[in-house]
1. Would you calculate the separation in nanometres between label points at Asp272 and Ala150, each defined as 7 Å from the Cα along the Cα-to-beta-carbon direction?
2. Using the Karplus curve 6.51 cos²θ - 1.76 cosθ + 1.60 with θ = phi - 60°, what ³J(HN,Hα) values do you get for each residue of the range 56-66, in whole Hz, with x for Gly and Pro?
3. Please get the size of the charge dipole for the range 88-165, origin at its Cα centre, with Cβ charges of +1 on Lys and Arg and -1 on Asp and Glu, quoted in debye to the nearest 20.
4. Hey, what do the phi angles of the range 212-218 turn into as Karplus ³J(HN,Hα) couplings, whole Hz, using 6.51/-1.76/1.60 and θ = phi - 60°, x for Gly and Pro?
5. Any idea how far the Cα center of the range 74-95 sits from the one of the range 113-167, in Å?
6. Could you sort Lys104, Lys191 by their accessible area in this structure, using a 1.4 Å probe and putting the largest first?
7. With θ set to phi - 60° and the Karplus curve 6.51 cos²θ - 1.76 cosθ + 1.60, what are the ³J(HN,Hα) couplings of the range 84-90 in order, to the nearest whole Hz, using x for Gly and Pro?
8. In Å², and per residue, what accessible area does the chain have when probed at 1.4 Å with the other protein chains present?
Amino acid sequence: MIRDLGARALRGGFLWAAERGSLRKAVTTVPATHALVSRFVAGETLDEAVAGLRALHDRRFRTTVDVLGESVSDGHAAEEAAGQYVAALDALARGALDTNVSVKLTQMGLDLDPAFCLATTRRIAATAATVGGFVRIDMEDHTRTDPTLAIARQLHAETGNVGAVVQAYLRRSASDIERLITEGIRVRLCKGAYSEPADVAFQDRAEVDASYIALMERLLIDGTYPALATHDPAIIDRARSFVRAHGIDASRFEFQMLYGVRRDLQERLVRDGFTVRVYVPFGRDWYPYFMRRLAERPANVLFVVRSLLGERGSRD
Ligand code: FDA
């Protein structure tokens, strides 16, 4: 109980810092954290990412690429980020790699102007369409859920190659799932990575897990090629027995996991004949992404805290 409260407090602290950039300087300048960053991020440049993607493809993984960045403060930065996605899609197509990308709408200017964001993201969806690719619109905190789903819907209607993300911790998600199933929009189901208030999101792990399982089973029965994004072995086992019991073929859904997380589980699922898509982030703006990964696992946090204290100690 006390351990659980401690872990929750640490998680909250790191998510808080992720949004405000308050630990950015400490984390980005401590050499000891670099090894941990490179476990979760496939490099700072497109070339480095392509090398990482090729290694994954050689080991029979599918991939989706995230050009790191979020919450841009001007239109120029959003257009530049869209340009990086277009360049990435071209490079993936040339390299015969998966032309599948994951995009955060605050990076495309959602907070500046939703109409501008739609136009910027449309450029990415149009490029993906020309190379037979796919664009997954990542989901951010609950204040962005409605505008994010609206843009995903609009681009899905225009190109048919755009999918959405639903977070199991949100209380609204069962109704979002029903609507997305009716619309035939591909859904990635995840637990949710942001710090959310109790009136909009379940706070207990058990409640989030129960919500995940219920939504997962709905998607497996009626969804369009759902993506089960989790590293939770209990939920993965549950998915495996559910599809076995309902005669759902492995070609009708996929598992998704983050680059560097539970690589053992990723390998095992591929060996057992399942499709596993690895979410591969790259770019210089890795701080908020990295902080959310730390928040998900107390052991990661302790590693960084220890290195920060160690560095400080050695400087004093
Ligand atoms: P849980 O947190 O219960 O972890 C289960 C086990 O996985 C842990 O016990 C540990 O072994 C391992 N693990 C999990 N996270 C780890 C980490 N960071 N480091 C080391 N081990 C770790 N969220 C969101 O809000 N919007 C989005 O668009 C996405 N997109 C997305 C795509 C993909 C492909 C994945 C896999 C996840 C996301 N997420 C996301 C993140 C998601 O919401 C969630 O925060 C993480 O996946 C962690 O939750 P798990 O389901 O893995 O379970």
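1. It is 4.1 nm.
2. Couplings: 5, 4, 4, 9, 6, 8, 8, 9, 9, 9, 10 Hz.
3. 220
4. Karplus-based 3J(HN,Hα) across the range 212-218 equals 4, 5, 4, 5, 4, 5, 4 Hz.
5. Using only Cα atoms, the two centres lie 15 Å from each other.
6. Lys191, Lys104
7. Result, ordered by residue: 5, 5, 4, 5, 5, 4, 4 Hz.
8. Ligands and nucleic acids excluded, the result is 45 Å² per residue.
The values are calculated or read from the model by the stated rules, or taken from the named source; none is laboratory data. Computed from a predicted model, the values in this text were never measured in an experiment. All Cβ positions, glycine included, derive from the backbone under ideal geometry; neighbour counts span all protein chains shown. Please note that ligands, DNA and RNA were not included when accessible areas were found on the heavy atoms of the full protein model with its side chains. Shrake-Rupley method; radii C 1.70, N 1.55, O 1.52, S 1.80 Å.
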